[in-house]
Amino acid sequence: MPQKELAGKTIDLDDKGYMTDFSQWTKEVAIELAKGEEIDELTDKHWEVIEYLQKCKQENVTLSIRKVGKSGVTTIKELYALFPGGPLKKSTMIAGIPKPASCI
Amino acid sequence: MEKKEKIKKVSIICAKGSLEDVYASLVMTNGALMEGIEANIFFTFFGLDAIRKNKMDKLHTGTVGNPAMEMPGGLPFPTILGSLPGVEAGVSAMMRKEMDKLDMPPVSEFLEIITASGGKVYACLLAIEMFKLKKEDLYDDLDGILTIGDFYQEAAGGQIIFT
């Protein structure tokens, strides 16, 4: 299993770069992961989305763009602006949760 | 983690108006956008039903001449049954309900999602003239009504997929 040094910690990743052990996740790690996805700064809105995604994961809710858009946390348009070039795949990566196996 | 070559842009042509054909095009377009791929969707001929306001959320699936059709529970679906009045509408409504359970949005909402995601939605000029449609009959956020020449220009630098 690949590992990477992020924010001074050794982080376990899968072959697509997603964290495999959520207990290793910290905000500092998230900031480093975001930089790897060319997101230089995580704003309050980014954190809000990240927390929402983590909550969904905890509650075993299947994630889709549609669901996030309807969450009241953000809109689909804003989600694309926050995480350009693959909003759901990037936001879940930064949130330290698995990439959603969703086609919608 | 070796980086594979990435598809950068797709233009998807939806030329058929049955439920499954339209959803195939919509899912492919939205799926591309979700992966960070630039995407256009171009509706032509019967595919225009997907952007006609009065038809988009009532699309049907064919119950005649569809050998893949089966009864709930997996029994064969006799073609003669599919030809009875109301059967196609019933089967289609059932299909839409199943899709809703999978969190698949109705066509109108799916188009809105694609627009909000930065995808471009186009309609074919020739087909619109043929079906005598007006702009107000169509999806409000249409990005344009194009000739085939315009379409090729919009599709430049990407791949074209005909569904």
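The values are calculated or read from the model by the stated rules, or taken from the named source; none is laboratory data. It should be emphasised that the depicted structure is a prediction, and the values quoted were computed from it without experimental measurement. Neighbour counts run over all protein chains shown; Cβ positions are idealised from the backbone, glycine included. With ligands, DNA and RNA removed, areas are computed over all heavy atoms of the protein, side chains included. Shrake-Rupley method; radii C 1.70, N 1.55, O 1.52, S 1.80 Å.
Would you mention how many residues in segment A:57-79 are hydroxyl-bearing (S, T, Y), open to solvent by less than 30 Å² (accessible area, probe 1.4 Å) and farther than 17 Å from A:W47 by Cβ?
Step one: filter segment A:57-79 for residues hydroxyl-bearing (S, T, Y), giving A:62, A:64, A:71, A:74-75.
From what is left, the residues that are open to solvent by less than 30 Å² (accessible area, probe 1.4 Å) are A:64, A:74.
Now narrow it down to the ones that are farther than 17 Å from A:W47 by Cβ: A:64.
Qualifying residue count for the region: 1.
Restricting A:L88, A:L53 to those that are within 10 Å of chain B (Cβ to nearest Cβ), open to solvent by less than 60 Å² (accessible area, probe 1.4 Å) and in contact (Cβ under 8 Å) with a residue 24 or more places away in the chain reduces the list to A:L88. Hey, could you check segment B:105-137 for residues that are of a type in the set (A, V, I, L, M, F, W, C) and touching a Phe, Trp or Tyr at 6+ places or on another chain (Cβ under 7 Å) and say which is nearest to the other protein chains (Cβ to nearest Cβ)? Out of the qualifying residues, it is B:L111. Checking each residue of segment A:59-67 against the condition of being assigned to a helix (DSSP H, G or I) and within 12 Å of the chain's Cα centre (by Cα) gives no match.
Please go through segment A:94-103 and give me each residue that is open to solvent by 20 Å² or more (accessible area, probe 1.4 Å) and not hydroxyl-bearing (S, T, Y), ordered by number. Let's see the steps before the verdict.
As a first pass, look at segment A:94-103 and keep what is open to solvent by 20 Å² or more (accessible area, probe 1.4 Å): A:98-103.
Hits for segment A:94-103 are A:P98, A:K99, A:P100, A:A101, A:C103.
Any residue in segment B:101-117 that is open to solvent by 60 Å² or more (accessible area, probe 1.4 Å) and farther than 30 Å from A:F83 by Cα? No: zero hits. With respect to the conditions (1) within 14 Å of another protein chain (Cβ to nearest Cβ); (2) open to solvent by 50 Å² or more (accessible area, probe 1.4 Å); (3) at pLDDT 95 or above, A:E32 lacks only one, and its number is (1). Look through segment A:2-29, keep the residues that are surrounded by 13 or more Cβ atoms within 10 Å (Cβ to Cβ) and within 12 Å of chain B (Cβ to nearest Cβ), and return whichever of them is nearest to A:I50 (Cα to Cα). Restricting to residues being surrounded by 13 or more Cβ atoms within 10 Å (Cβ to Cβ) and within 12 Å of chain B (Cβ to nearest Cβ), the top hit is A:Y18. Of the residues examined, A:E78 is one that is in a helix (DSSP H, G or I) and closer than 25 Å to B:T115 by Cβ.
Considering segment B:29-78, the residues that are open to solvent by 80 Å² or more (accessible area, probe 1.4 Å) and not in a loop (DSSP other than H, G, I, E, B) include one that is nearest to A:G85 (Cα to Cα), namely B:E38. Cβ-Cβ distances below 9 Å connect the following pairs, each with a first residue in segment A:39-50 that is farther than 13 Å from A:M93 by Cβ, a second residue that is in a loop (DSSP other than H, G, I, E, B), and a separation of six or more residues or different chains: A:K45/A:V73; A:K45/A:T74; A:E48/A:V73; A:E48/A:T74.
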